[in-house]
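Working notes for the structure below.
A short reminder: the numbers here are calculations on the coordinates, not readings from a lab. None of the values given here were measured: they were computed from a predicted structure. Here Cβ is always computed from backbone atoms with ideal geometry, including for glycine, and neighbour counts include all displayed protein chains.
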Amino acid sequence: ESTNEDKVINDRIANSELSIFSHSRQMWVHDKDVFSDSEWKIHSKNSHWLLQGFAKYLKQSQRNVSLFLIDYGPDVIASKKMVNELGISNHVMWLPKMSRKQLMSILKRCDIGVGEFMQGDGVIWGGTGWEILANGKPLMQSFNFTPESYFETFGHEAPPILDIKSAEDVCHTLAKYDKKELNTIGNKSKQWFDENNGISLANKWLDRIKYG
C-alpha cells in the first residue's frame, strides 16, 4: 500500500529532470587506527565522490536534479555533514533503511543507480550493483578490470558500466548523457544481466543438473 513517504518520493522524482538512487552503505571516512592507507584503499566505498561530483554537476548544470540516499553505513553522519557543507541539501533526500522490495520500487522509478566506488584490481561490484543491472538501470560503479581481464576472468563481455574513479568522473558522467541515452544503457544492462546472470544462468544450471 502507498504511504505518505511514497507520495513524497514519487513527487520528487516526477518533478526532477534527473533522479539518482544509491542504496549502498555510506563508507568513506578513513579510521587510521583500524586500516592502513593501503588497506583502506581496498575497503573504502568512496561514497563522498558521489556527493562531491553531484555538487559540482549541480553548480555547472543548474538543473533540477534529485539524489536519493539511504540512512545506512558507518559514515552517514559524515555524509550528511558533507551534504550540508556542499550546499546541496535541497537536492538530496535521505531515506530510512527499508525492505528490498521498497528499495527496488524506488530504483525502478529513478534514472540512474549508483553502486560502490571501491578501488582494487579485480574487485567486482556487490549486491547493489547486481540489483541495479537486474532492474535495467545504468550503473555508476568503479570498474576494476580491463575489458580483456574481465573476459578472461568471467568468460563473457563486461556490462555497460559507467566507470567512476573520482568525484570528477561522477560530474562528467552526469553531464554526458541525456535521458534517452541513459534509457538505452539501462536496457543494455538488463539484457546483459539476463544473458549472463539472470534467467540464462539459471537455465544453464538447470541443463547441467538435468543432463550432467
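Simple point charges give the picture: +1 on the Cβ of Lys and Arg, -1 on the Cβ of Asp and Glu, and for the range 70-203 a dipole about the Cα centre of about 740 debye. Candidates 67, 149, 28 compared by Cα position along the dipole of the range 19-151: farthest toward the positive end lies 67, with charges placed on Cβ.
Multiplying the sequence separation of residue 146 and residue 191 by 0.36 nm and subtracting their Cα-Cα distance, what value in nm do you get? Here the segment from residue 146 to residue 191 would lengthen by 14.1 nm. Amide H contacts under 5 Å for residue 18: 66, restricted to partners 5 or more places along the chain or on a different chain, H placed in the peptide plane at 1.01 Å from N. Gain on full extension, evaluated as 0.36 nm per residue between residue 98 and residue 38 minus their Cα-Cα distance, stands at 18.3 nm.
Centre-to-centre, using Cα atoms only, the range 4-36 and the range 91-109 are separated by 9 Å. Considering the chain, its Cα convex hull presents a mean projected area of 13.9 nm². Pairs over the 18 Å Cα-Cα cut-off, from the set 137/179; 45/80; 32/81; 7/137: 32/81; 7/137.
Exposed loop sites were defined as GluC sites (Glu not before Pro) in DSSP loop states (anything but H, G, I, E or B) carrying at most 16 other C-beta atoms within 10 Å; in the chain the longest segment without such a site runs 18-156.
Percent of alpha carbon pairs in the range 34-143 separated by more than 25 Å? Beyond 25 Å sits 24 percent of the P(r) for the range 34-143.
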